[in-house]
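Here's the structure, in structure tokens; my notes come after.
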Amino acid sequence: MTETALRTRSSIVVYALMLLCFVVLAERNLRYGFYELFFSSLVITTLAAAGIAATMIRRHRQLQTRSHPIILVLMTMVILQAIAREPALAIYWLYPMLMAAFLLLRFHQALILCLAGLLIGLVAMWHLPLWDQLSLAATALLLAGGAGWFARHYHASARYVDTLTIVDPETGAYNERSLNETLSRETSRSEATGHPLSLALLSIDHRDELTGVYGEDALSGLSAAISQSLRTTIRAGDSHYHLGNGRFFLLLPFTPEEGLRVTAERVRRLLDESQWPPVQSITASIGCTTRTTSETSVEALRERCERALEEAQRRGHDQVWHLSAADHSMLSTSRDSTSSRSSGSSISTSD
């Protein structure tokens, strides 16, 4: 489950509980003749239903949604109006609001909203006995403190859940799911701004033979060590991704072809010249490509990286091969013609 999905579910649950709570309050106020509180409860119930609808509509963008602060501020205003009319009864309406604010908003937003609501609520209760004011304030502060403590742990857990979905636990590099999302985003940004975007696909040479000699566990440690070296070698704005089986993908925004060639060669030399226990020495083949100004297909960029890597391996391994869009078209045409000639010779032989 991603952070977005977790926040979507929790937001729906919070709004549903708010809706249920104020439906009950509306029924009670109507039964006992508190009609102004009844209508205030209906307004908050409507806002809670609107919160559920907004959460469902923006379920894929929960981290950027702005509907929660607006809805909670409106709810707080309605509650404060109810407190001004019936302070002894409506002051308790702040309690579910305190919990909802800390679960739905960022911590500092929830803190500001809750403190403002409590201060205004206490001002509205000035004519009540001092003991009642102090007990209500203490109860509200204890509830707010507990909700705040829980919210901090909840938000930290939500971010940790999202981290688990995009980071490979074996190497600490980003995983393929993260690659697909980031590559799509960077391709769109490159198209909009015109800046260059380069990609590289790295594969450890002869990994199957190394696995047979040293075992899969040793190769897992090797992948983690390579990931750490890549992290310190590439620029701060670049990123690397582990695809499994000793394959890493490098994403280099704002990097033209010349810069890509320099970076890829530096990585190849680093792997070739370093010591990597327990295998001691390794080599790697790297396939590279750079996005052209008219390209929008993420799949085409990844396929070209695959073809470039295959070409580097075909030419003897331990080297960098850059494949442009034009070269890729020529290579595909050449392979198609070779395949046709092979098919023709096969047919003539059978004749």
Any chance residue 215 is closer than 16 Å to residue 196 by Cα, assigned by TED's automatic domain parsing to the domain that holds residue 193 and of a type outside the set (Lys, Arg): no
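Please tell me if residue 13 is among the aliphatic types (A, V, I, L, M) and over 34 Å from the mean Cα position of the chain (by Cα).
Answer is no for this residue.
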Matching residues in segment 230-284 - criterion: being over 27 Å from the mean Cα position of the chain (by Cα), part of a loop (DSSP other than H, G, I, E, B) and buried (at least 19 other Cβ atoms within 10 Å of the Cβ): 282
Of all residues in segment 66-105 being part of a loop (DSSP other than H, G, I, E, B) and in contact (Cβ under 8 Å) with a residue 24 or more places away in the chain, the one that is nearest to residue 11 (Cα to Cα): 105
Any hit, segment 78-96, residues being modelled with pLDDT of 90 or more and not hydroxyl-bearing (Ser, Thr, Tyr): yes
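The values are calculated or read from the model by the stated rules, or taken from the named source; none is laboratory data. Owing to the predicted nature of the structure, the values given are computational and were not obtained by experimental measurement. We place every Cβ from the backbone using ideal geometry, glycine too, and count neighbours over all the protein chains shown.
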